[in-house]
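Everything below concerns the one structure shown next.
Each reported figure results from applying straightforward, stated rules to the coordinates on display, with no laboratory input. Please read all numbers here as calculations on a predicted model, not as lab measurements. Note that we place each Cβ from the backbone using ideal geometry, even for glycine, and neighbour counts take in every protein chain shown.
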Number of protein chains: 2
Amino acid sequence: MRLSRLFTKPLRQAPKDEASVNAKLLERGGFVYKNSAGIYTLLPLGFRVIAKISDIIREEMNAIGAEELFMPALHDKKYLTATGRWDVDVLFKVVSGKEKEPLFNISWTHEEIAAEIASKFVNSYNDLPFSFYQIQTKFRNEARAKSGLLRGREFLMKDLYSFHQNEKDMLKFYGEVRKAYEKIFKRCGLDSIYTLAGGGDFTASNTHEFQVVAPVGEDTIFVCSKCGYAENEEVSKMKNGGVCSECGKGKVKEEKSIEVGNIFPLGTKYSEAFDLNFTDKDGNKNLVIMASYGIGVGRTMAAVVEMSHDEKGIIWPESISPFRVIIVEILSGKDKDKKVVNTAEKIYNDLQTKGVEVLYDDRKGKSAGEKFAEADLLGIPCRVVVSGKTVDAGKIELKKRDKKNSELIKREEFFKIL
Amino acid sequence: MRLSRLFTKPLRQAPKDEASVNAKLLERGGFVYKNSAGIYTLLPLGFRVIAKISDIIREEMNAIGAEELFMPALHDKKYLTATGRWDVDVLFKVVSGKEKEPLFNISWTHEEIAAEIASKFVNSYNDLPFSFYQIQTKFRNEARAKSGLLRGREFLMKDLYSFHQNEKDMLKFYGEVRKAYEKIFKRCGLDSIYTLAGGGDFTASNTHEFQVVAPVGEDTIFVCSKCGYAENEEVSKMKNGGVCSECGKGKVKEEKSIEVGNIFPLGTKYSEAFDLNFTDKDGNKNLVIMASYGIGVGRTMAAVVEMSHDEKGIIWPESISPFRVIIVEILSGKDKDKKVVNTAEKIYNDLQTKGVEVLYDDRKGKSAGEKFAEADLLGIPCRVVVSGKTVDAGKIELKKRDKKNSELIKREEFFKIL
């Protein structure tokens, strides 16, 4: 894509009303636009990042046999009434026309709907197990909507629901999802810690979270420095500096962290409410065992920005960067400019032909300093400079976003590296 | 995909509470599930169809230079208040916590938000024109939510917004969008008619709709049999059997039709409300000229079902079919079954290796009659039968969903056809 055609433009100043690093950098770079507190538009650059994270999630979900679908956002009151969740604090409720009383809520989660759908297709043990997922918008009226995309009132979530004959089968799949989640976060450039946690409004059981250690995090976890066992403070009896309750050896460290994913064993709470049962081999009726599993898609993007940036801007991992390469064309107002433009255009076309996603800063009338500063802000992993100097040398200047130094290399060498 | 692993199952009976053909067939086939009146879940098969339609739309939008983004669904009251649309009938409004008065609505359209975003990035004429689009959920409290996916209260829409220096530039792009839309509908298997219409709640100007002639349609249009000129009855002065007002020659025919897309010239209504202006070459400030353009994504799927089905089920065009091929394995309980299964498995693997999307009906204990009936209901364009008979002949039985007869052909021949 040509930067001259992108309608968004990086802002010189960080937005004044944002406290968090992720919101400051994502807004300054033109990745997102804040419509209201905790409510953001994904601008074209941000949409590309989210699309890449979504694709990674889809690959790993499909690999464990989960089927993608898309449930509605407008939920009849009957759903939450059936499980006693209609009065949960964070609900946004919906009124229409002349009605005074809300008859709907907008999706804060989908356990009830998932259970009802499953109940239409499950009859016998032969129909189990299965799982389905969606990437869909969730709405929660969060009091603290001040951490940028870490805690939105409207946000994209991948939610997965699984259905089983018994606890044992559920725990087997739970283990597969754990591995899939660890892969997803790793592929997005995040080190996640599998952490024991409470069930919140979802279940009475303990659950597990995927936490990323970060000073900005709203959660506090205790992690063993030896075996890696971790607990969220809401359920933990471990103390900073104490001994790990799991291995009995390691020293426990208290950390601030961001919850990027969670998995909930749900038991039969939702099956019971929606008559989700099956006939077993002996002809007996049993309730289906459910579990649900979430990943904050926008939050994952925000966590990556929190973990991977410097004073100049974002440093995207290649896997989720909106583009792999940025070409910066530097003009000097001299005759040589023609050759510079031709060379830059040629590299741009060659990369596109090779299927490399490339952003080409072809803007005229911008100084080298401005262009470099904006390229650093955008955080694309590989910067290629084409200038009078590089053209004279018959080379290009290559700089990795996460390295200090640049190098002059031949064009063919560059294509080989890619 | 193996049919034995798909969690949804075709229903024997059409749902009793649906009047429209599209809802009956889509629900029976397990493409959608109705959660409430006018509110549907896209089940895995339906999700695949929608994903294909979305991909076609994305290709054609990107080809005319539109940039994809994703705007929020939760809209602060300030947006619609600014343009006097806060009291539109079909709005769903949102209350939260202890508030009695709604402070938000959920997205029924996005002109206001699009104008505000654009205003942050447009300064001079150099920044124009540009356009952006999204595929996102819309919510409208429709009184008549009885036409299945033709008129939902929650539905997926592709909406595009464009921004211009003047009317002339807008009309040029308007023409490009018209061509792109005609391509999109054609690629989805629909003949669309470009129709003059009114502006509804969006604009005082005349607009254009893309209509598909169908008895189930809620719209009435008048079409010239000679030049193809068409008008929606809401703006038309033409009469059934009369002479075309455009060419003055053709006879006009009255038709029932489904509106699958529309394009609206918006003038400066939204630019004015959101201070969206630019400095022209002479240094004068001007308001930006806007237009918006919609395609109902779910409605397009529903329109295809209305136009392309028979008494047995849906007949998908290849371009948007959830799978290109369905393999039906027919077992007889005899020794030969082993060879039948091996052959079917081999064809399944070969097709997957070749990148052909294939659904494999590998279910045991289902009769040939049941399997054929379900394959017809699902409407996949190409059915391959593997049975004792075909294995003996060293061939496969190929039947196109839209043809009456099947043919026995060699496997290699079949691969060549694909």
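With R₀ set to 22 Å, the beta-carbon distance separating B:Phe415 from A:Asn62 gives a calculated FRET efficiency near 0.30. Mind checking the angle between helix A:297-307 and chain A's longest principal axis? C-alpha axes, 0 to 90 degrees, to the nearest 10. It is inclined by approximately 50 degrees. Between B:Lys168, B:Lys334, B:Lys138, where does the largest GNM mean-square fluctuation fall for chain B, given springs only between Cα atoms within less than 10 Å? Fluctuation is largest for B:Lys334.
With a cut-off of 11 Å on the backbone N, the residues of region A:112-153 near the modelled label site 7 Å out from A:Ala19 along Cα-Cβ are A:144-148.
Under 16 Å from a point 7 Å along the Cα-to-Cβ line of A:Arg2: which residues of region A:369-384 have their amide N that close? Nothing falls inside the zone, counting backbone N under 16 Å. What separates the Cα centres of region A:325-348 and region B:49-72 is a distance of 31 Å. Cβ-Cβ distance of B:Asn123 and B:Val90, R₀ of 25 Å, FRET efficiency by 1/(1 + (r/R0)^6): the value works out to about 0.10. Amide H contacts for A:Glu67 (H built 1.01 Å from N in the peptide plane; partners 5 or more residues away or on another chain; cut-off under 5 Å): A:Ser131, A:Phe132, A:Tyr133.
Rounded if a/c is under 1.5, else prolate if a/b beats b/c, else oblate: with a ≥ b ≥ c from the C-alpha gyration tensor eigenvalues square-rooted, which is the protein assembly as shown? Rounded shape, in that the Cα axes give a/c under 1.5.
Model label points for A:Lys339 and B:Lys237, set 7 angstrom from Cα along the Cα-to-Cβ axis, are 6.8 nm apart. Binning all Cα-Cα separations of region A:168-221 at 5 Å, short to long from zero, yields these whole-percent fractions: 4, 17, 22, 25, 21, 9, 2, 0. Using a ≥ b ≥ c from the Cα gyration tensor of region B:323-417 (square roots of the eigenvalues), is it rounded, prolate or oblate, where a/c under 1.5 gives rounded and otherwise the larger of a/b and b/c decides, a/b for prolate? Rounded, because the longest to shortest axis ratio a/c is under 1.5.
When you filter the GluC sites (Glu not before Pro) in region B:57-159 for DSSP loop state and at most 15 other Cβ atoms inside 10 Å of their Cβ, you are left with B:Glu99. Distances between equivalent label points of B:Glu370 across the copies, with each point positioned 7 Å along Cα→Cβ, amount to 7.0 nm, shortest listed first. Look at the Cα gyration tensor of region A:21-310: its axes a ≥ b ≥ c give a/c of at least 1.5 with a/b at or below b/c, and that counts as oblate.
For chain A, modelled as a Gaussian network with Cα springs under 10 Å, which listed residue fluctuates most, A:Val385, A:Val88, A:Val216? Comparing A:Val385, A:Val88, A:Val216 in a Gaussian network model of chain A, the most mobile one is A:Val88. Label sites at A:Cys247 and A:Glu318, each approximated as a point 7 angstrom past Cα along Cα to Cβ, lie 3.2 nm apart. Taking N as the residue count of region A:59-141, its C-alpha radius of gyration divided by 2.2 N^0.38 Å amounts to 1.28. Each copy carries a label point for A:Tyr194 at 7 Å from Cα along the beta-carbon vector; from one copy to the others these points are 5.9 nm apart, nearest first. The distance linking region B:372-418 with region A:170-233 is 49 Å (Cα centroid to Cα centroid, whole angstrom). Label sites at B:Tyr194 and A:Glu167, each approximated as a point 7 angstrom past Cα along Cα to Cβ, lie 6.7 nm apart. Here's the list of lysines a cross-link from A:Lys336 could span, going by alpha-carbon distance under 21 Å and ignoring same-chain residues fewer than 8 apart: A:Lys346, A:Lys364, A:Lys366, A:Lys371, A:Lys389, A:Lys395, A:Lys410. Only one residue of B:Gly84, B:Leu74, B:Val95 has its Cα farthest out toward the positive end of the dipole of region B:66-113, where Lys and Arg carry +1 and Asp and Glu -1 on Cβ, and that residue is B:Val95.
Checking Cβ-Cβ separations below 4.7 Å across chain B identifies B:Cys188, B:Cys382 as cysteines lacking any candidate disulfide partner. Think of region A:39-194 as having a plus end and a minus end, set by charges on the Cβ of Lys, Arg, Asp and Glu; of A:Tyr125, A:Val177, A:Gln136, A:Gln136 sits farthest toward the positive end of this dipole. Backbone phi angles across region A:68-85, fed through the Karplus curve with coefficients 6.51, -1.76 and 1.60 (θ = phi - 60°), yield HN-Hα couplings of 7, 9, 8, 8, x, 9, 9, 10, 4, 3, 4, 5, 6, 4, 4, 10, x, 10 Hz in residue order; Gly and Pro are listed as x.
Take the Cα of A:Lys146, go 7 Å toward its beta carbon, and the backbone nitrogen atoms of region A:12-46 under 16 Å from that spot belong to A:16-24, A:37-39.
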